[in-house]
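Have a look at the structure below before the remarks.
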Amino acid sequence: MPDKHASYRSRYTADRLIPGAFDGETITRRRFMTGSAHTAGAIAAGAFTLPALAFAIGPIFKSTPHSWVTVGKVGSFPNNNYVPVIATLTPGIGEAGKTTVYMRAFNPALDTDPYDRGTPYIAISTRCAHLGCPVRWVDAAQRFICPCHGGVYDLLGRRVGGPPVRPLDRFYTRVVGEDVQVGPRFSVNSELRRFSPRDPAEPLDGIGQYLYPSRPTERKL
Amino acid sequence: MPRLPKLPAPPLPAALKAPPARPGEEDGRLGPIEDAKQAGITIVDWVDERTSLSGVGRWLLFRKVPKGTNWFYTLGSATLFAFLSQAVTGVFLAMYYRPDPAGGAYESIRHVTNEVFLGQFVRGMHKWGSSVMVVLVFLHMGRTFLFGAYKYPRELNWVIGVVLLVLTLVMAFTGYLLPFDQRAYWATIVGVNINGTGPLLGPYLSDFLRGGGEFGATTLSRFYSIHMLLVPGLIIALIGAHLYLVTKLGTTAPPWEKAENSADLREAKA
């Protein structure tokens with residue numbers, strides 16, 4: 001036999017025979033008290049947790065300004081070989097903020113890629129596209145070689161061996177008066193098409209460019 | 001020479017007489033060791049009357065353990081003591097360490113290692129102890145797995161243990177950067193980039209760890225804060241939960257230990 005009270009339960013506490021109920025009251029005072037205490041606790045906890053969390057993850061959404069660094073005079077770089085220069089990319093942290101950049105003048109015979117047209121100098125980043133170790137240019141082999149896990153790149157920075165997933169990153173270059181300057185970083189895929197800078201180990205061919213999106217911290221192309 | 005009889009001692013005043021012996025005390029005097037014992041018992045009783053901690057202590061320590069419990073069951077305690085060693089040495093290393101990427105961090109570690117009294121020893125304990133802890137966590141995990149100790153009703157403790165394993169690895173990773181030498185720097189670059197290989201969210205995780213798009217001025221202090229405040233707090237809380245569940249559920253017998261035959265048991269009882 002079904003319980004006739006199971007299907008219908010009044011909204012009003014007075015109808016539910018709760019002692020001390022007011023006329024027209026729908027929430028018991030005890031329940032209201034519990035609810036407001038929990039709400040107050042949640043607001044108090046959120047008031048310090050949420051700002052602290054936002055404070056910690058804030059840098060994810062902050063873009064870092066890039067500056068142009070003078071690395072040499074016009075004419076000091078050959079167009080068939082690389083010259084290492086030291087550039088400070090992150091100021092304020094001493095040696096750790098410096099990096100080596102391999103510079104070469106634009107060579108129409110080598111840099112046939114349409115994206116490179118109009119670039120006065122080719123600036124190759126030493127950050128290996130595998131996991132970020134510093135590659136070095138080995139003149140005898142005409143290759144960039146990474147000491148960590150054996151990544152090998154050719155004269156244009158394209159991968160020819162080892163684990164890297166894309167060519168070496170590059171930097172924008174410009175000429176101001178007699179000075180050659182190096183600017184923001186950009187990444188390239190295996191066809192040397194330009195992309196916003198990605199971290200190492202993030203492929204840019206095919207689906208890779210969508211699986212590893214560009215981030216607000218890095219300059220958008 | 002004839003001996004003179006010894007005169008009886010004059011009677012002591014009542015106030016100087018020792019109180020009559022309590023039941024069970026033969027000579028009525030306790031002596032300093034007994035007094036110290038009594039003082040200790042008094043203090044413990046005072047605390048226990050107000051907290052009931054002795055019951056918790058008995059519940060935690062005087063448990064029944066299954067037949068066949070062996071040395072492999074000490075791996076969890078060994079891990080706990082490795083963690084305690086890391087915590088104590090880490091607290092004192094923090095007194096000398098300076099998370100300054102422009103040379104101060106490396107200099108402070110050099111100072112600890114070469115100039116502070118016992119600095120090399122304490123830092124060595126922390127450095128090698130981290131590897132010891134990782135190894136012990138894996139051995140403890142292997143013991144739990146091979147003995148089938150993760151099965152019902154202990155699945156939640158396995159889950160907590162896996163989280164503790166991950167947190168231990170986070171500790172090892174974040175601590176690796178702190179000496180800020182060449183090895184630390186490049187290992188961190190590689191480690192952060194490995195984090196970045198996770199699709200979609202990986203690049204954001206890398207940015208979170210570095211505090212920006214590049215290894216920057218706040219990366220070191222970020223790692224330091226994670227290493228000595230955030231993760232240790234989580235580890236302590238989860239070790240508490242882990243031990244609570246171990247105590248509540250008890251330990252398991254090794255798998256080769258046969259359950260006692262109930263017929264035999266009845267016979268033996270009869």
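The values are calculated or read from the model by the stated rules, or taken from the named source; none is laboratory data. Remember, predicted model here, so these are calculated numbers, not experimental data. Methodologically, a virtual Cβ is constructed for each residue, glycine included, from the backbone with ideal geometry; neighbour enumeration extends over all protein chains shown.
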Considering every residue within region B:183-197, establish whether at least one is in contact with a Ser or Thr (Cβ under 6 Å, 6 or more places away or on another chain) and closer than 27 Å to B:Val246 by Cβ.
no
Is at least one residue of region B:238-250 at the interface with chain A (Cβ under 8 Å from one of its Cβ atoms), surrounded by fewer than 18 Cβ atoms within 10 Å (Cβ to Cβ) and not in a helix (DSSP H, G or I)?
no
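For every residue, the table says whether it meets (1) exposed (fewer than 12 other Cβ atoms within 10 Å of the Cβ); (2) in contact with a Ser or Thr (Cβ under 9 Å, 6 or more places away or on another chain).
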site: A:Tyr8; (1), (2): yes, no
site: A:Ser36; (1), (2): yes, no
site: A:Ala47; (1), (2): yes, no
site: A:Ile60; (1), (2): no, yes
site: A:Pro78; (1), (2): no, no
When residues of region A:132-167 are filtered for being within 14 Å of chain B (Cβ to nearest Cβ) and either in contact with a Ser or Thr (Cβ under 7 Å, 6 or more places away or on another chain) or on the phi < 0 side of the Ramachandran plot (or both), how many remain?
13
Kindly list, by first and then second residue, each pair from a residue in region B:192-204 that is over 19 Å from B:Met171 (Cα atoms) to a residue that is surrounded by fewer than 19 Cβ atoms within 10 Å (Cβ to Cβ), limited to pairs with Cβ atoms under 6 Å and residues at least 6 apart or on different chains.
B:Pro199/A:Leu211
Subset of region B:114-131 [of a type outside the set (A, V, I, L, M) and within 16 Å of B:Tyr176 (Cα to Cα)]:
B:Arg123, B:Gly124, B:His126, B:Lys127, B:Trp128, B:Gly129, B:Ser130, B:Ser131
Filter region B:199-224 down to residues that are in contact with a Ser or Thr (Cβ under 9 Å, 6 or more places away or on another chain) and more than 9 Å from chain A (Cβ to nearest Cβ) and give me whichever is surrounded by the most Cβ atoms within 10 Å (Cβ to Cβ).
B:Phe223
Is one or more of the residues making up region B:92-115 over 30 Å from A:Thr90 (Cα atoms) and in contact with a helix residue (DSSP H, G or I) (Cβ under 7 Å, 6 or more places away or on another chain)?
yes
Report yes if B:Phe223 is in contact (Cβ under 8 Å) with a residue 40 or more places away in the chain and within 21 Å of A:Arg215 (Cβ to Cβ), otherwise no.
yes
Evaluate region B:170-182: report whether one residue or more is within 14 Å of chain A (Cβ to nearest Cβ) and surrounded by fewer than 19 Cβ atoms within 10 Å (Cβ to Cβ).
yes
Quick check on this structure: which one of A:Phe22, A:Phe55, A:Phe32 is of a type outside the set (D, E, K, R), modelled with pLDDT of 90 or more and more than 47 Å from the chain's Cα centre (by Cα)?
A:Phe32
Go through region A:92-117 and give me each residue that's on the phi < 0 side of the Ramachandran plot, of a type outside the set (D, E, K, R) and at pLDDT below 80.
A:Pro114, A:Tyr115
With respect to the numbered conditions (1) out of contact with any strand residue (DSSP E or B) (no Cβ under 7 Å at 6 or more places or on another chain); (2) not in a loop (DSSP other than H, G, I, E, B); (3) not small (Gly, Ala, Ser), which one is the sole condition not fulfilled by A:Thr112?
(2)
Considering only residues that are in a helix (DSSP H, G or I), closer than 25 Å to B:Ala102 by Cβ and among the aromatic types (Phe, Trp, Tyr), which ones fall in region B:164-208?
B:Phe173, B:Tyr176, B:Tyr185, B:Trp186, B:Phe208
Candidate set: region B:139-155, residues that are touching a residue at least 12 places away in the same chain (Cβ under 8 Å) and surrounded by 13 or more Cβ atoms within 10 Å (Cβ to Cβ); chosen: the one nearest to B:Leu249 (Cα to Cα)
B:Arg154
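Evaluate the following for A:Ala123: is it touching a strand residue (DSSP E or B) at 6+ places or on another chain (Cβ under 9 Å) and part of a loop (DSSP other than H, G, I, E, B)?
no
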In region A:50-91, which residues are more than 13 Å from every other protein chain (Cβ to nearest Cβ) and assigned to a loop (DSSP other than H, G, I, E, B)?
A:Trp68, A:Val74, A:Gly75, A:Ser76, A:Phe77, A:Pro78, A:Asn79, A:Asn80, A:Asn81, A:Tyr82
Looking at region B:183-194, which of its residues are more than 9 Å from chain A (Cβ to nearest Cβ) and closer than 14 Å to B:Phe223 by Cβ?
B:Ala184, B:Ala187, B:Thr188
Considering every residue within region B:42-64, establish whether at least one is under 18 Å from the mean Cα position of the chain (by Cα) and either exposed (fewer than 10 other Cβ atoms within 10 Å of the Cβ) or over 30 Å from B:Leu139 (Cβ atoms) (or both).
yes
